[in-house]
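Report on one structure; see the data block that follows.
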């Protein structure tokens with residue numbers, strides 16, 4: 001997932017003792033519940049939450065969010081990140097989202113206010129039996145430094161300092177809730193590969209991961225490490241990417257209990273519904289080289305074209321496509337795109353109905369009525385219509401011109417600027433709900449405007 005940006009029984013012998021991965025019992029079917037007909041119900045077991053969304057949240061909003069995630073049967077949250085590096089004006093500095101005592105670091109402020117995001121996340125997660133993976137550090141400068149070994153290793157070592165501080169501040173206070181580490185440096189198949197790897201990127205990546213996991217092992221802070229890379233179908237093959245990761249898995253120190261959780265790439269339009277399964281199948285072969293490593297999938301519930309949420313059916317269908325391939329599913333991101341705490345509650349209610357009934361609600365909305373077209377200034381055509389009705393609520397409307405979709409909106413009006421003088425245009429509008437059900441086309445599908 002671009003910076004654009006599952007319940008496990010974990011016995012803790014003692015807070016300072018070594019984390020025993022061998023005690024983890026993770027079966028491959030735990031991402032599924034049985035519905036009333038006895039069939040497996042595929043579902044998401046956790047969500048990513050990015051720091052910028054929650055930086056101003058108070059405890060009350062965190063409390064609401066964790067209750068919502070609990071309702072959605074989420075048992076994992078991946079909070080990314082705990083700190084952010086930048087070198088503005090040539091000066092390097094790391095800002096944390098919790099009180100820090102690390103030399104050269106400082107806690108981030110927003111409007112003169114400092115907020116401990118980590119504390120509020122863990123506290124409210126604990127109340128709802130949700131396990132939290134804490135992200136370490138990240139930087140937007142990563143995208144320009146993916147082949148810069150010195151820069152990369154320096155950031156990893158800074159991340160180790162953050163891990164040490166997070167452990168001392170929060171692990172004893174939230175021993176079961178503080179569940180794992182999220183390694184936030186996003187890896188792709190362009191800078192990191194096997195073929196034509198002149199910079200030996202796979203060795204650089206292996207060493208970077210090893211710097212972290214070795215530090216965690218040596219300091220008895222070893223928890224599951226979750227990594228969530230992405231892949232672009234235009235830039236290489238699934239087999240080559242799998243070979244690169246196989247090398248990394250065998251040389252980085254990752255082991256049983258760690259989690260490889262690729263992004264599906266469909267929401268980011270780097271893969272599509274026709275090829276994402278093939279990529280996941282190949283990557284599973286690499287994961288199998290490390291006995292006991294978990295293979296999860298990061299399901300994207302957004303469309304990068306306009307940064308809007310996809311309908312619920314899109315997420316469910318992608319999870320079904322990976323049924324039997326991935327062990328568990330996380331979503332990027334329920335909190336950002338589906339939570340009633342942040343967006344229209346129709347997403348959350350539609351998903352809850354799916355969880356409770358075992359089927360996605362099938363009732364299409366009523367079609368838009370009273371479509372009106374108004375010629376605006378220049379080549380603008382303005383469309384207006386009456387709000388549609390649906391049993392679970394209306395998510396939006398598709399706009400058709402001459403039989404093809406030209407846009408979508410959540411409002412009951414739309415402006416078409418892409419018209420030409422002297423042409424005739426035929427418009428129609430179609431409503432759709434949060435489950436992805438579509439109405440028939442509007443009554444006024446044959447209205448024409450002459451310029």
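Here are a few things to note about the model shown:
- Spans of strands (runs of 3 or more DSSP E) in the stretch 380-442 with at least 3 residues within 31 Å of the chain's Cα centre (by Cα): 394-401, 404-409, 424-433
- Criterion (modelled with pLDDT of 95 or more, under 18 Å from residue 324 (Cβ atoms) and in contact with a strand residue (DSSP E or B) (Cβ under 6 Å, 6 or more places away or on another chain)) met by exactly one of 294, 282: 294
- Just so you know, in the stretch 269-297 the residues that are under 15 Å from residue 248 (Cα atoms) and in a loop (DSSP other than H, G, I, E, B) include one that is nearest to the chain's Cα centre (by Cα), and it is 293.
- A residue that is under 23 Å from the mean Cα position of the chain (by Cα), assigned to a loop (DSSP other than H, G, I, E, B) and farther than 19 Å from residue 133 by Cβ can be found somewhere in the stretch 217-232.
- Of the residues examined, residue 316 is not one that is at pLDDT 95 or above and outside the structural domain of residue 277 (by TED's automatic domain parsing).
- Residue 45 vs. criteria under 24 Å from residue 350 (Cα atoms), touching a helix residue (DSSP H, G or I) at 6+ places or on another chain (Cβ under 7 Å) and modelled with pLDDT of 95 or more: no
- Just one of the listed residues (399, 363, 389, 381) is at pLDDT 95 or above, buried (at least 18 other Cβ atoms within 10 Å of the Cβ) and more than 28 Å from residue 60 (Cβ to Cβ), and it is 399.
- Wholly within the stretch 99-212, strands (runs of 3 or more DSSP E) carrying at least 3 residues that are more than 24 Å from the chain's Cα centre (by Cα): 105-107
The values are calculated or read from the model by the stated rules, or taken from the named source; none is laboratory data. Note that the coordinates shown come from a computational prediction; the quantities given were computed from them, not determined experimentally. Every residue, glycine among them, receives a Cβ derived from its backbone with ideal geometry; neighbour counts consider all protein chains shown.
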